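Asks: One structure follows; several queries about it will come next.
Where a number appears in this text, it was derived from the coordinates with a stated rule and is not lab data. Predicted model, so just to flag it, every value in this text is computed and none were measured. A quick note on method: Cβ atoms are made from the backbone with ideal geometry, for glycine too, and the neighbour counts reach across all protein chains shown.
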Amino acid sequence: MLKLLNSNRHSNNSIVEMQHIYKTFNKGSVNEVVLFTDFNLNISQGEFVSVVGSNGSGKTTMLNILCGTTEIDSGKIFLKGQDIGKMKEYQRAASIGRVFQNPAIGTCPSLTILENMSLADNKGSTFGLTPGINKRRIDFFRSQLELLKLGLEDKIDLLVGSLSGGQRQALALLISTMTPIELLILDEHTAALDPRSSETVMELTERIVREKKLTTLMVTHNLRYAVQYGDRLIMMHKGNSVIDVAGEDKNNYAVSDLLKIFNEISVECGN
Amino acid sequence: MDVFLSIFNNILEEGLIYGIMAMGVYISYSVLDFPDLSVDGTFPLGMCITAALITAGFNPFLSCIIAFICGAVAGCVTGLLHVKLDITNLLSGIITMMAMWSVNLVVTRGSAVLPYYNQPTIFTSGPIGILPEGLYTYRVVIIAALAVIVLKILLDMYLKTKSGLLLRAAGDNQQFVISISRDPGKMKIIGLAIGNGYTALAGSILSQQAESANINSGTGMVVMGLASVIIGLSIFGKVKIMKATTMVVLGAVVYKACLAIAMLLGLPTNFMKLLMAVIFTIALVSSNFMKKGRNKRHAETPEF
């Protein structure tokens, strides 16, 4: 009974609500994998959530379910009180910004920085026969690029394909947060970068998230980032959250504690 | 000398007209990364529709526009098959190509060749009257060049609009289009409509030059279009100030020149398609080779 009541609850400060999510891959075959059984997750307005977990724990699948890349077997997904479960991926993207692990996915390599930013800047409006590049916005784009501190503001006519992975990822982060969004999803967005680039991108992430007060869900393999950044920490294992701490409780976790729990879990399933 | 001049004139005439098709193939193949085989069906579609309309007394310029629209609709069919029914890009094109064969036969009322000699065409009516007497021999080249220039400018202008930019993005990175909350499938359909519209228009203009339509004329159009695009982009790709649309038109002219030279050297007509296949292979291989070189340069990007 309590569960039933719970499922109809739309608390006002929850931006994301995933309720009773069930997901099984390759149903009915020998490769059947039951990932989520009655999985629930609530994220409050303005919360910065870090998610860690071993491979196959369901982190990325959770993001894919939120974004609409992966369909669920049953359950409900709300974004700001609106049921988005039936919406297509591109429709959900209107209020969700996402940065992928692969820096090549967040930008168009054969378009220039200016063209990429102009396209992203027009998100939410119609794409008609008016000029693709609004010259009056160039100064705004330059000022945004200056925030990256990579010197890209002087190279706006450069093809994005000729940028390095770190530069592209920084640009992707900027592009996905340029227009108003309800939720920012970071899908291991520093995993493919070298240590220095990944530091820079992570600092940039923190700055943008705090400045724009974005509700953020970040999946990472880097336990230090999970501890250092974010207001709430979730550790996932086999489709469940085994740790879910925020505030004071979260600050009490050190990287070594996490690593210990992480290893215990991994040993359990024979990794 | 006159022989060479007339051959040169011939190459330009056909090269420019096929150049319009090359621009269409450029949109589907290069911009959208979609090898569109329906071109083999939409090229004769443009021819047949023009022949039927002009025989029925329609204005030739209006016939061109109608041919463009019919080609665009056929392109939409290919796009819908691919996007809505999840059929692979090659097979979607083949399905449309096959269907067009019957459509074309219906348009020509069952005849494989539909001549309309001495009817008004864009080469014999309208503004052609202001052309000085001495240039009359070159009227086809002049009109074709004008058509190419207008169509090229229109296409360049479109590619700079918001919709055009989104089309380029859809061919480049579908996930990016999704992330700015747009449907990449819709952009594919629009691109295929433009590509096949241009192809049908090229068919329409070529049929008015020949004053007849032939439903067999579509065979090999995909290969010709792709070869023109690849030759154009690889030969002129290094010229910074030249737009890709110009390159592919010049590619079509170069391609036609290759065929003409082979004929001059005494290649039997039966070997024509074989030669087309060989040229296409060479173009593909050399463009792969050049791409490898280009990638090497990309590796030397500035440090983060």
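Asks: For the stretch A:68-122, state what percent of all Cα-Cα pairs lands in each successive 10 Å bin, counting from 0 Å until the bin that includes the largest distance.
Replies: 18, 42, 28, 12, 0
Asks: Of all DSSP beta bridges in the protein assembly as shown, what percent run antiparallel (nearest 5)?
Replies: On the way: 26 of 44 bridges.
Of those bridges, close to 60 percent are antiparallel.
Asks: Inside 10 Å of the C-beta atoms of B:71-81, what's the mean count of C-beta atoms belonging to other chains?
Replies: 0
Asks: What are the DSSP H helices in chain A that stretch 18 Å or more along their long axis, judged by alpha-carbon atoms, and whose average Kyte-Doolittle hydropathy comes to at least -0.5?
Replies: Counting only whole DSSP H runs, the qualifying helices are A:255-268.
Asks: Can you list the trypsin sites (Lys or Arg not before Pro) in the stretch A:182-271 that are in a DSSP coil and have 13 or fewer other beta carbons within 10 angstrom? List each step's numbers first, then the result.
Replies: Numbers: sites: A:196, A:207, A:210, A:212, A:213, A:224, A:232, A:238, A:250, A:260; in loops: A:213, A:238.
Hits after loop and neighbour filter: A:213.
Asks: Cα-based Rg of the stretch B:2-217 per 2.2 N^0.38 Å, rounded to two decimals?
Replies: Working: Rg = 18.0 Å, N = 216, 2.2 N^0.38 = 17.0 Å.
This ratio for the stretch B:2-217 stands at 1.06.
Asks: Measure nothing but the geometry: give the 0 to 90° angle between the long axis through the Cα atoms of B:184-210 and the longest principal axis through the Cα atoms of chain B, rounded to 10°.
Replies: Tilt relative to chain B: about 20 degrees.
Asks: Can you tell me which aspartates and glutamates have their Cα less than 12 Å from the Cα of residue A:59? Leave out same-chain residues fewer than eight positions away.
Replies: A:187, A:188
Asks: Go through the stretch A:26-32 residue by residue and turn each phi into a ³J(HN,Hα) via Karplus (6.51, -1.76, 1.60, θ = phi - 60°); whole Hz please, and just put x for glycine and proline.
Replies: Result, ordered by residue: 6, 4, x, 10, 5, 8, 4 Hz.
Asks: While we're here: What ³J(HN,Hα) values, in whole Hz, does the Karplus curve 6.51 cos²θ - 1.76 cosθ + 1.60 give for the stretch B:82-98 when θ = phi - 60°, with x put for Gly and Pro?
Replies: Calculated HN-Hα couplings, in order: 6, 7, 7, 9, 6, 8, 4, 4, 5, 5, 4, x, 5, 4, 5, 4, 5 Hz.
Asks: Now, a different point. Under 19 Å from a point 7 Å along the Cα-to-Cβ line of residue A:44: which residues of the stretch A:182-212 have their amide N that close?
Replies: Flagged as within label range: A:182-184, A:209-212.
Asks: What are the residues whose amide H is under 5 Å from the amide H of residue A:16, where those residues sit 5 or more places off or on another chain and H is modelled from the backbone?
Replies: Hits under the 5 Å cutoff: A:43, A:80.
Asks: For a quick check, take a GNM of chain A with Cα springs below 10 Å and name the residue from A:170, A:120, A:254 with the largest mean-square fluctuation.
Replies: Looking only at A:170, A:120, A:254, the biggest GNM fluctuation is shown by A:254.
Asks: What is the diffusion coefficient of chain A in µm²/s, taking the Kirkwood radius over Cα pairs and the Stokes-Einstein relation at 4 °C with a viscosity of 1.567 mPa s?
Replies: Result for D is 65 µm²/s.
Asks: Tabulate in residue order the Karplus-calculated ³J(HN,Hα) for the stretch B:275-287, using 6.51 cos²θ - 1.76 cosθ + 1.60 with θ = phi - 60°, rounded to whole Hz; enter x for Gly and Pro.
Replies: With coefficients 6.51, -1.76 and 1.60, one gets 4, 4, 5, 5, 4, 4, 4, 4, 4, 4, 5, 5, 6 Hz.
Asks: Rg(Cα) of the stretch B:176-216 divided by 2.2 N^0.38 Å?
Replies: In units of the globular-protein estimate, the stretch B:176-216 measures up at 1.80.
Asks: List, in the order given, every pair from A:76/A:250; A:135/B:160; A:80/A:212; B:84/B:186; B:160/B:186 whose Cα-Cα distance in the structure shown is over 20 Å.
Replies: Too far apart for the 20 Å limit: A:76/A:250.
Asks: Could you give the angle, 0 to 90 degrees to the nearest 10, between helix B:39-55's Cα long axis and the longest principal axis of the Cα atoms of chain B?
Replies: 30 degrees
Asks: Another question, if that's okay. Of the listed peptides B:168-174, A:31-37, what is their order by residue-averaged count of other C-beta atoms within 10 Å, with the highest listed first?
Replies: With the highest mean Cβ count within 10 Å placed first, the list reads B:168-174, A:31-37.
Asks: Then there is this: Please determine, in degrees from 0 to 90 and to the nearest 10, the orientation of helix B:2-25 with respect to the longest principal axis defined by the Cα atoms of chain B, where the helix direction is its Cα long axis.
Replies: In chain B, helix B:2-25 runs at an angle near 50 degrees to the longest axis.
Asks: Continuing with this model, one more query. Could you tell me the relative contact order of the stretch B:2-217? Use alpha-carbon pairs under 8 Å, at least six residues apart, and round to a whole percent. Provide the component values of the computation, followed by the final result.
Replies: Values: 341 pairs, mean separation 98.3, N = 216.
The normalised contact order for the stretch B:2-217 reaches 46 percent.
Asks: Students often check this: by mean Cβ neighbours within 10 Å, which of B:30-43, B:71-84 ranks highest, and how do the rest follow?
Replies: Result, highest mean Cβ count within 10 Å first: B:30-43, B:71-84.
Asks: Continuing with this model, one more query. Using a basic spin-label model with each label point 7 Å from the Cα along Cα→Cβ, how many nm lie between residue A:248 and residue A:210?
Replies: Simple spin-label model gives 2.3 nm for this pair.
Asks: Let me ask something additional. Bin width 5 Å, origin at 0, all Cα-Cα pairs of the stretch A:7-123: what percent of pairs per bin?
Replies: Values per bin, smallest distances first: 2, 9, 17, 20, 19, 14, 10, 6, 3, 0.
Asks: Grab the alpha carbons of the stretch A:154-251, take their convex hull, and tell me the volume per residue in Å³.
Replies: Numbers: hull volume 12.2 nm³, N = 98.
Roughly 124 Å³ of hull volume per residue.
Asks: Regarding the protein assembly as shown, what whole-number volume in Å³ per residue does the convex hull of its Cα atoms give?
Replies: Cα convex hull per residue, to the nearest whole number: 205 Å³.
Asks: Using the beta-carbon distance between residue A:69 and residue B:101 and R0 = 45 Å, what value does 1/(1 + (r/R0)^6) give for FRET efficiency, to the nearest 0.05?
Replies: 0.70
Asks: Give the relative contact order (percent, whole number) for chain A; include only Cα pairs under 8 Å separated by 6+ residues.
Replies: 25 percent
Asks: Also, quick follow-up: Taking each pair of different alpha-carbon atoms in the stretch B:160-304 once, compute 1/r for the pair, average those values, and report the inverse of that mean as the Kirkwood hydrodynamic radius in Å to one decimal. Show your work: numbers first, answer last.
Replies: Numbers: mean 1/r = 0.0556 Å⁻¹.
The answer is 18.0 Å.
Asks: Then there's this: Between the stretch A:44-117 and the stretch B:1-78, how far is it from one alpha carbon centroid to the other, in angstrom?
Replies: Taking the Cα centre of the stretch B:1-78 as reference, the centre of the stretch A:44-117 is 43 Å away.
Asks: Could you compute the FRET efficiency for residue B:109 and residue B:3, with r as their C-beta to C-beta distance and R0 at 51 Å, rounded to 0.05?
Replies: 0.85
Asks: Using r as the Cβ-Cβ distance of residue B:88 and residue A:263, and R0 as 45 Å, what FRET efficiency do you calculate, to the nearest 0.05?
Replies: After rounding, the FRET efficiency stands at 0.50.
Asks: Three principal axis extents, largest first, for the C-alpha atoms of the stretch A:103-166, in Å?
Replies: Computed over the Cα atoms, the extents are 32, 24, 18 Å.
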